[in-house]
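Participant: Have a look at the structure that comes next, please.
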Amino acid sequence: MDVWPVSIEKLDNGKNLNISFDDKSEFKISAELLRVESPSADVQGHGGPKVIVKNKSNVLINKIEEVGNYAIRIIFSDDHSSGIFSWDLLYDYGKNQDKYLEKYYNSL
């Protein structure tokens with residue numbers, strides 16, 4: 001997939017990320033989803049099973065940093081900052097966020 005962001009901003013005091021892509025898609029993705037599905041090794045379980053991150057309904061996005069020209073790093077209010085969110089991953093989270101959140105809530 002070759003989508004590129006046109007704009008990225010945090011909304012609602014960091015409760016959501018709004019991202020617009022060059023294919024005219026626009027998504028409002030919750031900080032909770034981004035935090036519990038972080039692509040970081042400590043969440044995705046690289047070397048072991050995926051970790052179910054609990055109690056993140058109130059987590060906020062504190063800061064967004066560019067990573068090269070392919071991704072962003074999000075610094076969350078719980079100090080988590082090791083995930084690198086590629087454009088394709090953010091597009092997928094935006095397009096399928098209901099599915100991801102349903103799966104997450106069912107796993108709790």
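Participant: Kindly provide the set of residues from segment 83-100 that are over 15 Å from Val43 (Cβ atoms), in a helix (DSSP H, G or I) and either of a type in the set (A, V, I, L, M) or open to solvent by 30 Å² or more (accessible area, probe 1.4 Å) (or both), ordered by number.
Facilitator: Asp88, Leu90, Asp92, Lys95, Gln97, Asp98, Lys99
Participant: Where the second residue is of a type in the set (Asp, Glu) and open to solvent by 60 Å² or more (accessible area, probe 1.4 Å) and the first is touching a residue at least 40 places away in the same chain (Cβ under 8 Å) and lies in segment 80-108, which pairs have Cβ atoms under 7 Å and are six or more apart or on separate chains?
Facilitator: Between residues of segment 80-108 that are touching a residue at least 40 places away in the same chain (Cβ under 8 Å) and residues that are of a type in the set (Asp, Glu) and open to solvent by 60 Å² or more (accessible area, probe 1.4 Å), the close pairs are Ser82/Asp42.
Let's see how each residue does on (1) part of a loop (DSSP other than H, G, I, E, B); (2) of a type in the set (S, T, N, Q):
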| site | (1), (2) |
| --- | --- |
| Asp42 | no, no |
| Val51 | yes, no |
| Asn62 | no, yes |
| Asn69 | yes, yes |
| Arg73 | no, no |
| Asp78 | yes, no |
| Ser81 | yes, yes |
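Participant: What are the residues in segment 42-78 that are in contact (Cβ under 8 Å) with a residue 40 or more places away in the chain, over 16 Å from Tyr93 (Cβ atoms) and open to solvent by less than 60 Å² (accessible area, probe 1.4 Å), if any?
Facilitator: Leu60, Ser77, Asp78
Participant: Continuing with the same structure: Could you say which residue among Ile84, Ile61, Ile52, Ile75 is of a type in the set (Val, Ile, Thr) and in contact with a Phe, Trp or Tyr (Cβ under 7 Å, 6 or more places away or on another chain)?
Facilitator: Ile61 is the lone residue from the list that is of a type in the set (Val, Ile, Thr) and in contact with a Phe, Trp or Tyr (Cβ under 7 Å, 6 or more places away or on another chain).
Participant: Here's something else I'd like to know. Just to be sure I understand, how many residues within segment 20-68 are more than 21 Å from Lys99 (Cα to Cα) and among the acidic types (Asp, Glu)?
Facilitator: 5
Participant: Let me ask another. Among the numbered criteria (1) open to solvent by less than 60 Å² (accessible area, probe 1.4 Å); (2) under 20 Å from Tyr104 (Cβ atoms); (3) part of a loop (DSSP other than H, G, I, E, B), which one does Val3 miss?
Facilitator: Unmet condition: (2).
The values are calculated or read from the model by the stated rules, or taken from the named source; none is laboratory data. Fair warning: this is a prediction, and the values are worked out from it, not measured in the lab. In this analysis, Cβ positions are derived from the backbone assuming ideal geometry, glycine residues included, and neighbour counts consider all displayed protein chains. These area figures cover heavy atoms from the full protein model, side chains too; ligands, DNA and RNA do not enter into them. Shrake-Rupley method; radii C 1.70, N 1.55, O 1.52, S 1.80 Å.
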